[in-house]
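Undergrad: Below is a structure I'd like to ask you about.
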Amino acid sequence: MALKSDTILLPIQEMPTSWYNVLPDLPTPLDPPLNPGTRQPIGPEALSAIFPMALIEQEVSTERWIAIPPEVLEVYSTWRPTPLIRATRWEKALETPARIFYKYEGTSPAGSHKPNTAVAQAYYNKKAGIKRLATETGAGQWGSALSFGCCKFGLACTVYMVKISYEQKPYRRSLMHVWGAEVYPSPSDRTNAGRAILAKDPECLGSLGIAISEAVEDAATNDGVNYSLGSVLNHVLLHQTIVGQEVEKQLKMAGLEPNIIIGCCGGGSNFGGLILPFLADRLEGKPIRFLGVEPTACPSMTRGKFEYDFGDTIGMTPLLKMYTLGHAFVPPGIHAGGLRYHGMAPIISRLVADKIVEPMACCQNDVFAASVEFARTEGITPAPESGHAVKVARDEALRCKREKKAETIVVGLSGHGFFDMGAYDAFFAGKLEDIEYQPS
């Protein structure tokens, strides 16, 4: 069914049945992960202690399309495909000739894009005979998503939640408890990694790097337990490409092609899932801009170095070539907890280095101001993470107004902010601090 380009809601009846693997199409191959001890490239077997073989194979696959298992599609079908909505009221308020569309992933049970990979990871681990998954979470979107995925496939789930977010967002952990997970503030006294951090700094606010160290240790030292990561790794971005594939179909129905695609960036899974299905078009010469937005308080792409680094604080993971602020970096307690990771996914980092992705950073007061404007025109309250993409979309729409250009802008609205209203209260009270990264 063809639709007019001014249609507000762009629906599709069927979701994609395969994930798109970008690795065969990257213009520059990724640098291999390295053994933390020898600094030599590692093989898939090095990951078998904490990941099932099916996910390890996806991590290194050269197949362009990987079929989504029927069991995963069945769970997806409770909320996918998700809507692509034209922000006509926001366009009118901005007086812009631009067409702004937002891909809304807040319709999932966990309220974000994270279940796209959580459900898949839980399925593959269950199939491999694993009994429990251990993971980290920042703001709680990933922890709640994995809790949901584990609940669907009968796995136990342990979540190490960054301490500042554990305290700021109590209802995220309540949601994890609803789905049967156990949740601990990180750093915790349950692991050697957590105890070591607490011995140095009993008041540590935590970081994703620290929480990853705890979850990896938990998985590596207990039988029947695997580790599950919500971003950064290739297989995680792979699972998220269902989002960008749906956007492709939805825009084609309206006879439109995107000029700009914008997403927030913490570890890179949301942004990667949105843009990677459009990479071939960009490489063929179509003028599509990919804008990745991060916080000024944790600007790995805009202020970090492109080098090998650990994915965790303690140094237990393989070394990955990525943009990083250093694995020891502990970010300040901004409300966009999902964007407080010290590094960026190797795939996204490679595209930044190749000048295909344009990275940019925003202060949180500007983010919340744009999010409130969006909510008052479109009705949906963005998560603080998603608000970073909203803020840059606003900037681009106003540029189109100045330049009198009717460009098509696609925004990844990766989740709703219904569990983040305390952050909005702080914004209205003038209590949010704009924090600029300060190298140590």
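Undergrad: So which of V119, V60, V72 ends up being at pLDDT below 95 and either of a type outside the set (S, T, Y) or within 21 Å of the chain's Cα centre (by Cα) (or both)? Before you say what the answer is, go through the steps one by one.
TA: Values: V119 fails: at pLDDT below 95; V72 fails: at pLDDT below 95.
Of the residues listed, the single one that is at pLDDT below 95 and either of a type outside the set (S, T, Y) or within 21 Å of the chain's Cα centre (by Cα) (or both) is V60.
Undergrad: Among the candidates S213, S207, S228, which residue alone is modelled with pLDDT of 95 or more and hydroxyl-bearing (S, T, Y)? Step through it out loud before you land on a result.
TA: Numbers: S213 fails: modelled with pLDDT of 95 or more; S207 fails: modelled with pLDDT of 95 or more.
From the options S213, S207, S228, the qualifying one is S228.
Undergrad: Further question: Out of the residues in the stretch 409-430 meeting the condition of being small (G, A, S) and touching a residue at least 40 places away in the same chain (Cβ under 8 Å), tell me which one is surrounded by the most Cβ atoms within 10 Å (Cβ to Cβ). Talk me through it step by step, then tell me what you get.
TA: So in the stretch 409-430, the residues small (G, A, S) come out as 412, 414-415, 417, 422-423, 426, 429-430.
Pick out the ones that are also touching a residue at least 40 places away in the same chain (Cβ under 8 Å) and you get 412, 414-415, 417, 422-423, 426.
Details: G412: 29, S414: 33, G415: 29, G417: 22, G422: 13, A423: 26, A426: 16.
Among those residues, the one meeting the criterion is S414.
Undergrad: With respect to V330, determine if the residue is among the β-branched types (V, I, T) and within 23 Å of K92 (Cβ to Cβ).
TA: So V330 fails the test.
Undergrad: Which pairs turn up if I take residues in the stretch 148-161 that are in contact (Cβ under 8 Å) with a residue 24 or more places away in the chain and look for partners that are among the hydrophobic types (A, V, I, L, M, F, W, C) and in a strand (DSSP E or B) with beta carbon separation below 6 Å, at least 6 apart in sequence or on another chain?
TA: What qualifies is C150/L133; C150/C157; L155/L133; C157/L133; T158/A134; V159/V183; M161/V183.
Undergrad: Taking the stretch 133-160 only, how many residues are over 12 Å from H177 (Cβ atoms), within 16 Å of the chain's Cα centre (by Cα) and assigned to a loop (DSSP other than H, G, I, E, B)?
TA: 2
Undergrad: Determine if the stretch 363-370 includes at least one residue that is touching a residue at least 12 places away in the same chain (Cβ under 8 Å), in a loop (DSSP other than H, G, I, E, B) and surrounded by 24 or more Cβ atoms within 10 Å (Cβ to Cβ).
TA: No, the conditions are met nowhere in the stretch 363-370.
Undergrad: Here's something else I'd like to know. Has the stretch 192-201 got at least one residue that is more than 23 Å from M344 (Cβ to Cβ), not in a helix (DSSP H, G or I) and not β-branched (V, I, T)?
TA: Yes, the stretch 192-201 contains a residue that is more than 23 Å from M344 (Cβ to Cβ), not in a helix (DSSP H, G or I) and not β-branched (V, I, T).
Undergrad: Hey, among I8, I12, which residue is in contact with a helix residue (DSSP H, G or I) (Cβ under 9 Å, 6 or more places away or on another chain), modelled with pLDDT under 95, β-branched (V, I, T) and within 19 Å of N116 (Cα to Cα)? Give the steps one after another, and end with the answer.
TA: On the way: I8 fails: within 19 Å of N116 (Cα to Cα).
Going through I8, I12 in turn, the sole match is I12.
Undergrad: Does at least one position in the stretch 351-363 carry a residue that is within 24 Å of S186 (Cα to Cα) and touching a strand residue (DSSP E or B) at 6+ places or on another chain (Cβ under 8 Å)? Steps first, please.
TA: First, the residues of the stretch 351-363 that are within 24 Å of S186 (Cα to Cα): none.
No, that holds for no residue.
Undergrad: Now, a different point. For the stretch 279-337, which residues satisfy the criterion of being closer than 24 Å to I356 by Cα, assigned to a loop (DSSP other than H, G, I, E, B) and of a type in the set (D, E)? Spell out how you get there, then give the answer.
TA: Narrowing the stretch 279-337 to residues closer than 24 Å to I356 by Cα: 279-309, 311, 319-326.
Narrowing the set further to residues that are assigned to a loop (DSSP other than H, G, I, E, B) leaves 284-288, 296-299, 304, 311, 325-326.
Correct list: E284 only.
Undergrad: Which members of the stretch 106-116 meet the condition of being within 19 Å of L73 (Cβ to Cβ) and touching a Phe, Trp or Tyr at 6+ places or on another chain (Cβ under 9 Å)? Lay out the reasoning, then the answer.
TA: Step one: of the stretch 106-116, the residues within 19 Å of L73 (Cβ to Cβ) are 107-110, 113-116.
If the condition is that a residue be within 19 Å of L73 (Cβ to Cβ) and touching a Phe, Trp or Tyr at 6+ places or on another chain (Cβ under 9 Å), then T107, S108, P109, A110, K114, P115, N116 are the ones that fit.
The values are calculated or read from the model by the stated rules, or taken from the named source; none is laboratory data. Since the model is a prediction, treat every value here as computed from it, not as a measurement. Note: ideal-geometry Cβ built from the backbone for every residue, glycine included; neighbour counts use all protein chains shown.
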